[in-house]
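Visitor: Below are the structure tokens for one structure; questions will follow.
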Amino acid sequence: MKFCVQPGGSLTGRIRVPGDKSMSHRSVMLGALAEGQTQVSGFLEGEDALATVAAFRAMGVKIEGPDNGKLFIEGVGLNGLVAPEHALDMGNSGTSMRLLAGLLAGQEFTATLTGDESLCKRPMGRVISPLERMGAVIASEPEGRPPLIIYGQGTLRGIHYDLPMASAQVKSCVLLAGMYAEGRTSVTEPAPTRDHTERMLRGFGYNVERRNGVISLEGGGSLKGSTIDIPADVSSAAFFLVGASISPGSDLTLEHVGMNPTRIGVLNILGLMGADIQVLNEREVGGEPVADLRVRHAPLKGIQIPEEEVPLAIDEFPALFIAAACAEGRTVLTGAEELRVKESDRIASMAEGLTTLGIQNQVRPDGIVIEGGTLGGGAVSTYHDHRIAMSFAIAGLRASSPIDVLDCDHVTTSFPGFAVLASKAGLLLHEAADA
Ligand code: S3P
């Protein structure tokens, strides 16, 4: 399936984008391992989060839904999972694989984690290495690629781990394994990353400490079933924040967006570029800050993106590159080598598409330089990466000719209904079969 986008249009009205992907995964994992029932609302019914649901069902957990974003989970307790009969297929989802690797390392059975072609190329050595230090036994393909066979050992030992890269998935993997470890497990990170695991563990009654930058927990505790209201995903909102900023006449309100401080780099960066975004009706829902965001068109300027914002906006760079393409002057991104190991190499995929659309750019090992200019049209490849697809779709709002965004099937991993919602807001887009 491809997106055919006509040039022009503007984004107006009020919309709510689907639920937060990171929180959706974690709600299933902790709900499944809790004692008692967990009720989730606002759950993301996208393929990635559904892969996590399927994995826990395959390990004996009763999960009803999702139905209209609602999920009921009968928790089995930390030691209540049963061995799955088949390999657990995580599809395209790196979060499912890396977090589950931590949980499975502490089980008393063996399980295999596999995924689609893209996931099977992604590095898992980053979770294998700390888990092995904790006593886990894991087999993988060369260079730590999936499938992973995790020979559950029952008990692990607590370690201290200094994360070599800013990765919430690695942090979460180690902390989740830490629940099954003897003694204390602690981590430090080179820069703060999303803290949904820590927040949600506390919400389920598991004590997680953060002291002088060290995050730690004691093994052997328990989780208590909970009620979770998942806000709209700021990463999905990002496409509309950029789309409205770059298209004259736009005035769009995004409702109930998660505003966790470890996730709002996109707002900070767009703010530095001159975007007009108002944060309205700020409130707290289930331990996470939430707000409505009103975004109007504004002329953007190129900036040097502060490196401390990089982990706080790591999934939003494809959209931000479109903002940079429409800005006046040069935007420089550094310290973002992690973009190369996402669902695609996001520096390379975006650079290629921007070049096709006539935007000058220069790729660097850890980032990119983008010269603001005039977006033309053409056919762009997405490398089967959902966020590349949605980024080039919103580029149509400022393009001078039609854009064909190829291979858009993966958009459903994080944003089911994107084409319908974006059209409702004013993007001139229709879906067509790929030639
Ligand atoms: C995620 C962490 C990030 C992010 C991913 C979701 C999470 O990955 O890119 O989409 O839910 O923990 P890294 O930990 O690899 O940076």
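The values are calculated or read from the model by the stated rules, or taken from the named source; none is laboratory data. All of these numbers come straight from a predicted model, not from anything done at the bench. So basically every Cβ, Gly included, is an ideal-geometry build from the backbone, and we count neighbours across all protein chains shown. What goes into the accessible areas is simple: the full protein's heavy atoms, side chains included, and nothing from ligands, DNA or RNA. Shrake-Rupley method; radii C 1.70, N 1.55, O 1.52, S 1.80 Å.
Visitor: Can you tell me which residue among 57, 14 is more than 14 Å from the ligand (Cβ to nearest atom), open to solvent by 30 Å² or more (accessible area, probe 1.4 Å) and part of a helix (DSSP H, G or I)?
Guide: It is 57.
Visitor: Can I ask one more? As an exercise: evaluate residue 330 against (1) among the charged types (D, E, K, R); (2) within 24 Å of the chain's Cα centre (by Cα); (3) on the phi < 0 side of the Ramachandran plot and give the number of the one condition it does not meet.
Guide: In the conditions (1) among the charged types (D, E, K, R); (2) within 24 Å of the chain's Cα centre (by Cα); (3) on the phi < 0 side of the Ramachandran plot, residue 330 misses (2) alone.
Visitor: Moving to a separate point now. As an exercise: evaluate residue 47 against (1) crowded, with 22+ Cβ neighbours inside 10 Å; (2) within 16 Å of the ligand (Cβ to nearest atom) and give the number of the one condition it does not meet.
Guide: Checking residue 47 against (1) crowded, with 22+ Cβ neighbours inside 10 Å; (2) within 16 Å of the ligand (Cβ to nearest atom), the one that fails is (1).
Visitor: State which residue pairs qualify: first residue without any contact (Cβ under 8 Å) to a residue 40 or more places away in the chain and more than 15 Å from residue 387 (Cβ to Cβ) and inside region 311-338, second residue of a type in the set (Asp, Glu) and open to solvent by 10 Å² or more (accessible area, probe 1.4 Å) in any location, beta carbons under 6 Å apart, and separation of 6 or more residues or different chains.
Guide: 334/366; 335/307; 335/366; 337/366
Visitor: So, of the residues in region 304-350 that are hydroxyl-bearing (Ser, Thr, Tyr) and more than 15 Å from the ligand (Cβ to nearest atom), which turns out to be nearest to residue 120 (Cα to Cα)?
Guide: That would be 334.
Every residue, every condition in (1) within 30 Å of residue 68 (Cβ to Cβ); (2) of a type outside the set (Asp, Glu), yes or no:
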{"site": "195", "(1), (2)": "yes, no"}
{"site": "198", "(1), (2)": "yes, no"}
{"site": "205", "(1), (2)": "yes, yes"}
{"site": "212", "(1), (2)": "no, yes"}
{"site": "226", "(1), (2)": "yes, yes"}
{"site": "239", "(1), (2)": "yes, yes"}
{"site": "250", "(1), (2)": "yes, yes"}
{"site": "261", "(1), (2)": "yes, yes"}
{"site": "264", "(1), (2)": "yes, yes"}
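Visitor: Could you say whether any residue in region 65-73 is closer than 25 Å to residue 207 by Cα, in contact with a Gly (Cβ under 7 Å, 6 or more places away or on another chain), within 16 Å of the ligand (Cβ to nearest atom) and assigned by TED's automatic domain parsing to the domain that holds residue 223?
Guide: no
Visitor: Is it fair to say residue 145 is of a type in the set (Lys, Arg) and more than 12 Å from the ligand (Cβ to nearest atom)? So that I can check it myself, show each step before the final result.
Guide: On the way: of a type in the set (Lys, Arg): yes; more than 12 Å from the ligand (Cβ to nearest atom): yes.
Against the criterion (of a type in the set (Lys, Arg) and more than 12 Å from the ligand (Cβ to nearest atom)), residue 145 qualifies.
Visitor: Another one. Can you tell me which of 387, 364, 398 is closer than 15 Å to residue 326 by Cα and out of contact with any Phe, Trp or Tyr (no Cβ under 6 Å at 6 or more places or on another chain)? Before you say what the answer is, go through the steps one by one.
Guide: Numbers: 387 fails: closer than 15 Å to residue 326 by Cα; 364 fails: closer than 15 Å to residue 326 by Cα.
Criteria check complete, one pass: 398.
Visitor: Still on this structure, please answer the following. How many residues are under 23 Å from residue 355 (Cβ atoms) and part of a loop (DSSP other than H, G, I, E, B) when one looks only at region 399-427?
Guide: Of region 399-427, the ones under 23 Å from residue 355 (Cβ atoms) are 399-408, 410-411, 427.
Still in the running and part of a loop (DSSP other than H, G, I, E, B): 399-402, 406-408, 427.
Number satisfying all stated conditions: 8.
Visitor: Give me the pairs: first residue in region 129-145 and open to solvent by 70 Å² or more (accessible area, probe 1.4 Å), second residue not charged (D, E, K, R), beta-carbon distance under 7 Å, and six or more apart or on different chains, which are they?
Guide: So the pair list comes out as 132/138; 133/159; 141/147; 143/125.
Visitor: I've got another one for you. Among the residues of region 129-137, are any within 14 Å of the ligand (Cβ to nearest atom) and within 18 Å of the chain's Cα centre (by Cα)?
Guide: no
Residues checked against (1) open to solvent by 10 Å² or more (accessible area, probe 1.4 Å); (2) of a type in the set (D, E, K, R); (3) modelled with pLDDT of 95 or more:
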| residue | (1), (2), (3) |
| --- | --- |
| 152 | yes, no, no |
| 162 | yes, yes, yes |
| 172 | no, no, yes |
| 220 | yes, no, yes |
| 223 | no, no, yes |
| 228 | yes, no, yes |
| 246 | no, no, yes |
